[in-house]
Every structure is written in C-alpha cells, then in structure tokens.
Amino acid sequence: MTPDEHGTIVGTDGLARPPWAAVDPMLQEYYDTEWGMPVRDEQGLFERISLEAFQAGLSWATILRKRPAFRAAFHDFQPDIVAAFTEEDVERLLLDAGIVRNRLKIRAAITNAQATIALRREGGLVDFVWSFQPPATPQPQTHAEIPTTSAESIALSKALRSKGFAFVGPTTMYALMEAIGMIDTHLVDSHRRGSSGVWVAPA
C-alpha cells in the first residue's frame, strides 16, 4: 500500500482509502460499508449518538470492536428500553467488561434515551438532527484538511443540550455528522467519495 499525493492509501484491491481505514480489516469494512452513509431511523441514530459519546477520549476502533457487546448490553439501543434503565442497570453495566465502563457515559446514554423519547413530540430525533445539515460539505484532499467542528456542529450541540442530551459536544457532533452522511468528509479521491447520495461528488 502506498499513499498517493492526496493523502489516501491505495490498497491491494486497488481502492483508495484514508490512512485510518487502510490497514485494519475491521475499520476498512466499516469505512467501505457504513461510515458516511445516511442514518435516518430513530434507533440507528440514537445508537450512533450513544457510541460517539462512549468514544470520547478513546479510539473509534475500540468502540467498533466493542459494538456487539454494547448492542447486547443496551438492547440494540432501543430508546424506550434504555430510557427505563435504573441505577441497578447502571451498576450492572459497570461490571460488563465488554463495554466502556464509565458511569457518566452510561448515565448519559440513559438520559439521551429519555430525551430522544421526549423529542417525539416535536417531530423526532431524526428530523431534529438532520435539520442542521449544512448547505455545503468539505472537499478535503488530505486528513489534515478535515475540520473537527463547524458552525452547524456547534449549533447542533447547543440545540441537543437544550433538549436534555449529554455528551454531545461540538467535536462529537461533527464526528456524528460525518458518520451519518450529513457531511461528506471522504477525501476527494477516496473510492467512497459521494457514496452517500446526499452530496454529489465533484467532477
């Protein structure tokens, strides 16, 4: 594998990917099939928000490796079930070595499930989050050109906090926006650029 002049790495399969997705088979699969694809269902979006919160301070590879255990522990991130978790559930989860055992993050997932349910009265989490989609998307040539926040991620963070959400800082929300296709930060010569259908790939 060799990096080209734009910062991607061309793999043995001839496909160009960013360095973070070019070596680890698990990350490569995630990049090729999930990352940057639109998520427009409540349960899926709640899961992404939850996992982004658990990722804070850790690598995404760590979270992805633990995702099956997270899904088991949090009942596939069904908001109605997680919202009903008690302190006994918190203590149970703190003993689960398969997940990230952080009391504040576990409680945030419960709080965010309750906030997700409350948002149904205002049209729901999906419409709320996607209403912050920007009018344009970055066109990075290299990883260094990818922002870590934006005016929209700052506004989304503030809006979600006003609705009772926790662990939804501007950087975390920018990562969410990337992951669910609200913005396309695939490097311009990546084989995945424009794959979400949300943004037209540059000619």
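So which residues in the range 33-43 are part of a helix (DSSP H, G or I) and touching a Phe, Trp or Tyr at 6+ places or on another chain (Cβ under 8 Å), if there are any at all?
Gln43
What residue, among those in the range 154-164 that are surrounded by fewer than 22 Cβ atoms within 10 Å (Cβ to Cβ) and of a type outside the set (Gly, Ala, Ser), is nearest to Ala61 (Cα to Cα)?
Going through the qualifying residues, I end up with Ile154.
Condition check: surrounded by fewer than 13 Cβ atoms within 10 Å (Cβ to Cβ), in a helix (DSSP H, G or I) and either at pLDDT 95 or above or touching a strand residue (DSSP E or B) at 6+ places or on another chain (Cβ under 7 Å) (or both). Does Arg121 satisfy that?
It is true that Arg121 is surrounded by fewer than 13 Cβ atoms within 10 Å (Cβ to Cβ), in a helix (DSSP H, G or I) and either at pLDDT 95 or above or touching a strand residue (DSSP E or B) at 6+ places or on another chain (Cβ under 7 Å) (or both).
For the range 175-189, state whether one or more residues are at pLDDT below 95, assigned to a loop (DSSP other than H, G, I, E, B), surrounded by fewer than 21 Cβ atoms within 10 Å (Cβ to Cβ) and not β-branched (Val, Ile, Thr).
Within the range 175-189 (the criterion being at pLDDT below 95, assigned to a loop (DSSP other than H, G, I, E, B), surrounded by fewer than 21 Cβ atoms within 10 Å (Cβ to Cβ) and not β-branched (Val, Ile, Thr)), the answer is yes, since at least one residue qualifies.
Does any residue of the range 54-66 turn out to be farther than 16 Å from Ala175 by Cβ and either outside any loop (DSSP other than H, G, I, E, B) or under 19 Å from the mean Cα position of the chain (by Cα) (or both)?
Checking the range 54-66: at least one residue is farther than 16 Å from Ala175 by Cβ and either outside any loop (DSSP other than H, G, I, E, B) or under 19 Å from the mean Cα position of the chain (by Cα) (or both).
Of everything in the range 49-72, what is surrounded by fewer than 20 Cβ atoms within 10 Å (Cβ to Cβ), over 30 Å from Thr12 (Cβ atoms) and at pLDDT 95 or above? Give them in sequence order.
Within the range 49-72, Ala69, Arg71, Ala72 meet the criteria.
What is the one condition in (1) surrounded by 14 or more Cβ atoms within 10 Å (Cβ to Cβ); (2) not in a helix (DSSP H, G or I) that Tyr30 does not satisfy?
With respect to (1) surrounded by 14 or more Cβ atoms within 10 Å (Cβ to Cβ); (2) not in a helix (DSSP H, G or I), Tyr30 is out only on (2).
Considering the range 129-153 alone, what residues qualify as being more than 16 Å from the chain's Cα centre (by Cα), buried (at least 17 other Cβ atoms within 10 Å of the Cβ) and either hydroxyl-bearing (Ser, Thr, Tyr) or in a helix (DSSP H, G or I) (or both)?
Thr137 - this is the single residue of the range 129-153 that is more than 16 Å from the chain's Cα centre (by Cα), buried (at least 17 other Cβ atoms within 10 Å of the Cβ) and either hydroxyl-bearing (Ser, Thr, Tyr) or in a helix (DSSP H, G or I) (or both).
Give the range 83-110 a look and list any residue that's within 17 Å of Glu47 (Cα to Cα) and in contact with a Lys or Arg (Cβ under 8 Å, 6 or more places away or on another chain), or say none.
Residues satisfying the conditions are Leu93, Gly98, Ile99, Val100.
Quick one: in the range 1-27, which of the residues that are without any contact (Cβ under 8 Å) to a residue 12 or more places away in the chain and of a type in the set (Val, Ile, Thr) is surrounded by the most Cβ atoms within 10 Å (Cβ to Cβ)? Break it down stepwise before answering.
Quick first cut of the range 1-27, residues without any contact (Cβ under 8 Å) to a residue 12 or more places away in the chain only: 2, 5, 10, 12-14, 25.
Next, only the ones that are of a type in the set (Val, Ile, Thr) stay: 2, 10, 12.
Numbers: Thr2: 7, Val10: 16, Thr12: 6.
The residue in question is Val10.
Of all residues in the range 168-181, which are of a type outside the set (D, E, K, R), within 10 Å of Pro38 (Cα to Cα) and in contact (Cβ under 8 Å) with a residue 60 or more places away in the chain?
If the condition is that a residue be of a type outside the set (D, E, K, R), within 10 Å of Pro38 (Cα to Cα) and in contact (Cβ under 8 Å) with a residue 60 or more places away in the chain, then Ala179, Ile180, Gly181 are the ones that fit.
The values are calculated or read from the model by the stated rules, or taken from the named source; none is laboratory data. This is a predicted model, so every value here is computed, not measured. Neighbour counts are summed over all protein chains in view; Cβ atoms, including those assigned to glycine, are modelled from backbone coordinates with ideal geometry.
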